[in-house]
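What follows is a single structure, written as structure tokens, with notes after it.
The values are calculated or read from the model by the stated rules, or taken from the named source; none is laboratory data. No experiment lies behind these values; they were computed from the predicted model shown. Ideal geometry is used to build each Cβ from the backbone, glycine not excepted, and the neighbour counts take in all protein chains shown. To get the accessible areas, we keep the full protein, side chains included, count just its heavy atoms, and leave off ligands, DNA and RNA. Shrake-Rupley method; radii C 1.70, N 1.55, O 1.52, S 1.80 Å.
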Amino acid sequence: MRNRGERLMYIIVDDRESVANSYVGGLVREGVSSIGFSCGEFWDWLQSATESDLAAVDAFLLGDCDGRASLPRAMRKRSSAPIIAVSGQKMLKNTLELFESGVDDVVHVPVHLREILARTAAIARRRVGELPRPCETRIQVFFNGRDPEIAGHALTLPRRELRILEYMVSNHGKWITKTQIFNAVYGIFESTFDESVIESHVSKLRKKLRDRLGFDAIVARRYVGYRLDIPAGDTMEEPEQELDEVGILLNRTHAVAAAYPAGN
């Protein structure tokens, strides 16, 4: 099993090790943290994973594995992340059975990685679109690698700070722990870095937001964590000087170009 990357987090479940490794490799090359499990390994992980681990997962790719018909409902009990079934059988009966099992979408191989990411983003965007957006008038975040904006002006952020902002926007108004942020930024299986790096990233991001917004948008509480707190309904005055860049538009679109799996 392999896991690297600093942005999104995908889990691939497929009993064919070569296929799982191919998807992991393609995602990692695009900066998407990912890991491959066999069905048995995934069952064990799903039962023992913590809530913070599960919260860091952006999507599950469900390939050819034993128990595929029963996995989606078990996954949904523990996570709300999109479940995409990857099927080699382009038959209506097979597709309907997969949807009936509880997956959110079905793609047929050969399939471009760009399509999988786009479908995942569309599912997440529809779900987020149903949620209130209390800070939309102050800050916009686009969830697609684009610089966030304040009052129409972009704020350039390092990718880790951008990922932290995206994660905080997705959990606006909620307390989130250092562990949850670390998992979202570095991946839930990362062992190279220590969680303490998050304190430095958040401190830098907090200062940049304070400079642009004029107040502390990130509230920190010892032993509790961090919370993004931006008042709703306030209008921002046009800045006298050019701003750099920042944002909260909950239209989570992940635009990544790549073809997958290799050789198809």
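Identify, by number, the condition in (1) closer than 30 Å to Pro158 by Cα; (2) modelled with pLDDT of 85 or more that Trp43 doesn't meet.
(1)
Quick one: in the range 185-227, of everything that is outside any helix (DSSP H, G or I) and among the aliphatic types (A, V, I, L, M), which residue is farthest from Arg160 (Cα to Cα)?
As a first pass, look at the range 185-227 and keep what is outside any helix (DSSP H, G or I): 187-196, 214-227.
Filter once more, keeping what is among the aliphatic types (A, V, I, L, M): 188, 217-220, 224.
Values: Ile188: 15, Ala217: 18, Ile218: 16, Val219: 19, Ala220: 18, Val224: 21 Å.
Across the range 185-227, the extreme among qualifying residues is Val224.
Go through the range 158-202 and give me each residue that's open to solvent by 70 Å² or more (accessible area, probe 1.4 Å) and either closer than 18 Å to Val224 by Cα or not aromatic (Phe, Trp, Tyr) (or both).
Matches in the range 158-202: Arg159, Lys174, Trp175, Ser191, Thr192, Asp194, Glu199.
For the range 50-68: of the residues being free of Cβ contacts under 8 Å to residues at least 40 places away in the same chain and of a type outside the set (D, E, K, R), which is least open to solvent (accessible area, probe 1.4 Å)?
Leu54
Being of a type in the set (A, V, I, L, M), in a helix (DSSP H, G or I) and surrounded by fewer than 18 Cβ atoms within 10 Å (Cβ to Cβ) is the filter here; which residues of the range 101-121 pass it?
Step one: filter the range 101-121 for residues of a type in the set (A, V, I, L, M), giving 103, 106-107, 109, 111, 113, 116-118, 121.
Adding the requirement that they be in a helix (DSSP H, G or I) leaves 113, 116-118, 121.
Selection gives Ala118 alone.
Where the second residue is surrounded by fewer than 22 Cβ atoms within 10 Å (Cβ to Cβ) and the first is on the phi > 0 side of the Ramachandran plot and lies in the range 161-186, which pairs have Cβ atoms under 8 Å and are six or more apart or on separate chains?
Cβ pairs passing all conditions: Gly173/Pro134; Gly173/Arg227; Gly173/Asp229.
Identify the single condition in (1) farther than 27 Å from Gly145 by Cα; (2) at pLDDT 90 or above; (3) among the hydrophobic types (A, V, I, L, M, F, W, C) that Leu62 does not satisfy, given that it satisfies every other one.
(1)
Have a look at Ser52, Ser18, Ser22, Ser34 and point out the one that is part of a helix (DSSP H, G or I) and under 24 Å from Gln180 (Cα atoms). Step through it out loud before you land on a result.
Working: Ser18 fails: under 24 Å from Gln180 (Cα atoms); Ser22 fails: under 24 Å from Gln180 (Cα atoms); Ser34 fails: part of a helix (DSSP H, G or I).
Result of the check over Ser52, Ser18, Ser22, Ser34: Ser52.
From Glu17, Glu30, which residue is open to solvent by 70 Å² or more (accessible area, probe 1.4 Å) and at pLDDT below 90?
Values: Glu17 fails: at pLDDT below 90.
Going through Glu17, Glu30 in turn, the sole match is Glu30.
How many residues, within the range 55-65, are part of a loop (DSSP other than H, G, I, E, B) and within 14 Å of Ala20 (Cβ to Cβ)? Even if it seems obvious, please write down each step before you answer.
Within the range 55-65, the subset part of a loop (DSSP other than H, G, I, E, B) is 56-58, 63-65.
Imposing the further condition that a residue be within 14 Å of Ala20 (Cβ to Cβ) reduces the set to 63-65.
The total comes to 3.
Those residues that are open to solvent by less than 40 Å² (accessible area, probe 1.4 Å) and either under 17 Å from Ile11 (Cβ atoms) or in a loop (DSSP other than H, G, I, E, B) (or both), I need them from the range 69-100; list them, please. First the steps, then the outcome.
Residues of the range 69-100 that are open to solvent by less than 40 Å² (accessible area, probe 1.4 Å), as a first pass: 71-72, 74-75, 79, 81-87, 94-95, 98.
The answer is Leu71, Pro72, Ala74, Met75, Ser79, Ala81, Pro82, Ile83, Ile84, Ala85, Val86.
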